[in-house]
Structure formats: C-alpha cells, structure tokens
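**Student:** The structure under discussion is supplied below as structure tokens; questions concerning it will follow.
Bear in mind these aren't lab numbers, they're just calculated from the coordinates by the rules spelled out. If you're wondering where the values come from, they're calculated on a predicted model, not measured in any experiment. All Cβ positions, even for glycine, are placed from backbone atoms using ideal geometry, and neighbour counts span all protein chains on display.
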Ligand SMILES: C[S@@+](CC[C@H](N)C(=O)[O-])C[C@H]1O[C@@H](n2cnc3c(N)ncnc32)[C@H](O)[C@@H]1O
C-alpha cells in the first residue's frame, strides 16, 4: 500500500519522471546501475553498495528508491530493518515494494522539495538520497532545502548519505560531459550549478559533521546530525 502524502500540485508530468515508469524500471539496473555508473560517471555500482553497507541502519528512510537495486544488494545491520520508501512517483514505490517485500517497507508518496508530511515519520537513524539531488530542479532558495527537510526527520546523531552526479569540481570525460548536458536538456538532470564546493557548504550548514568522496563525476557524501546531549529526551 502506498500512503499518498503528495501535495495537490505534485504532478505526474513532473519533468524527468517518465524515466521511472514501471516498464523502464525493469531496464534501470542494466542501463543506469551497471552501464552508466561504469562507462559514464566512473563510479561502479560496487562502490555505491559499499557506501550503503557503511552507512545504512535498521531504521532507514530511502528517498527516491528508483529500482531499489542498492537496498536489495546492501547489508543491513543484524535484525529486521524498519524501512520507509519515499518517492514523488508511485511507480518506483510499487516496483520496490515488490522487490523488497522481504523487508515489508512502508511506502509514502511525497515530494522531498516540499515540507515533509508527518506521515513520513521521524527518528530515522539513516536517510539515503542516492542519485536524487542531480534530478531535482532548483526551487526558489536552492535545492539545499532538502537537507533541512531531511535533517528534521533524522534522529539525533543520525546519518544522511548518498551520491550525486556533479557538473563542477569533478572530472568529466568527453562522453560523460556530453551525456550530462543531454540529460540536462531533456530535463532529467538539473545539476548545472551543482559542484563539490556547493555540496560541502550545504552539508556544513545543516549537519554537525560530513565527508565527501569524489569518484569519477560523482560525489559520495555522508553527513551526521548533532548527537543528543546528555539529559535530552
Ligand atoms: C535517478 S533515480 C535514483 C534511484 C535510486 N536512488 C538509485 O540510486 O538508483 C531518482 C529517484 O528520485 C525520485 N524523485 C525525483 N524527484 C523527486 C522528488 N522531488 N521527491 C521525491 N522523489 C523524487 C524519482 O522518482 C526516482 O525514483
């Protein structure tokens, strides 16, 4: 079941969303997870699975799960994880709910650029935002707003992690630059102004500590919210 918490205005016509229709999601692992990661962005899927293994916890919120490849292949800490999937588009939610049924995930349809409804839940000890930032258009005030929104649903000391294809501060090959520009023109990427410096500033503004690793044209990041102080509830 999908809990629909999307604002009235969240349209299915949102630019770039047709990429995540059900039939295309079947190809997503082959084209995006395997081929593009290796041949275009030069950040192999194994590195991203390791990133999940390192940071995922047993009370996890996945924003923009796509085909659910990483959640399907990563190692959760022992025990049965409490998993919530959030996406603007119901197709990835349905697809992942089936693929990850062994975890019985909660699925919430919501826009990460909007204030998150209480239905999403809170107190997550990890939140992943993998390959989502480069898809997000710039709202007034900048897409950094997602860090504020997601920090609000993190438990004290919780971790936000993920990765994103950047246009600035990373090395592009002729091929990767061509595809990056093509995807921008098609409206599926909105990363024209995304760079390493901007990502550092945004994470530093919203989290107690963070780190960024650049691999090919991709920044892998992890940021930790301020831990609870002794005496806090
Ligand atoms: C490029 S896919 C990434 C999929 C997956 N995380 C991965 O790394 O393979 C982007 C995902 O973000 C979702 N998405 C895009 N814009 C969103 C928004 N404003 N709010 C919530 N989800 C969004 C898309 O529907 C899709 O599932």
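**Student:** Taking just the C-alpha trace of the chain, give me its Rg and Dmax in Å.
**Tutor:** In Å, with Rg to one decimal and Dmax whole: 16.6, 55.
**Student:** Further question on the same structure: I need the Debye-formula profile for region 123-233: one equal scatterer per C-alpha, no solvent, reported as log10 I(q)/I(0) at q = 0.13, 0.14, 0.15, 0.19 1/Å, two decimals.
**Tutor:** -0.50, -0.56, -0.64, -0.94
**Student:** Describe numerically, in nm with one decimal, the distance between label points set 7 Å from Cα along Cα→Cβ at residue 198 and at residue 23.
**Tutor:** Distance between the two pseudo-spin positions: 3.5 nm.
**Student:** What's the ranking of 77-89, 137-149 by average number of surrounding C-beta atoms within 10 Å, highest first?
**Tutor:** 77-89, 137-149
**Student:** Right, another one. Within the chain, what percent of beta bridges assigned by DSSP are antiparallel, to the nearest 5?
**Tutor:** 40 percent
**Student:** Now, a different point. Suppose a student asked you for the relative contact order of the chain, using Cα pairs under 8 Å spaced at least 6 residues apart; what percent would you report?
**Tutor:** Value for the chain: 21 percent.
**Student:** A follow-up question, please. Mind ranking 161-171, 97-107, 47-57 by how tightly packed they are, going by the mean number of other C-beta atoms within 10 angstrom, highest first?
**Tutor:** On the way: 161-171: 20.7, 97-107: 16.0, 47-57: 18.5.
Descending mean neighbour count gives 161-171, 47-57, 97-107.
**Student:** Grab the beta carbon distance between residue 104 and residue 208, set R0 = 35 Å, and tell me the FRET efficiency rounded to 0.05.
**Tutor:** Here the calculated transfer efficiency is 0.65.
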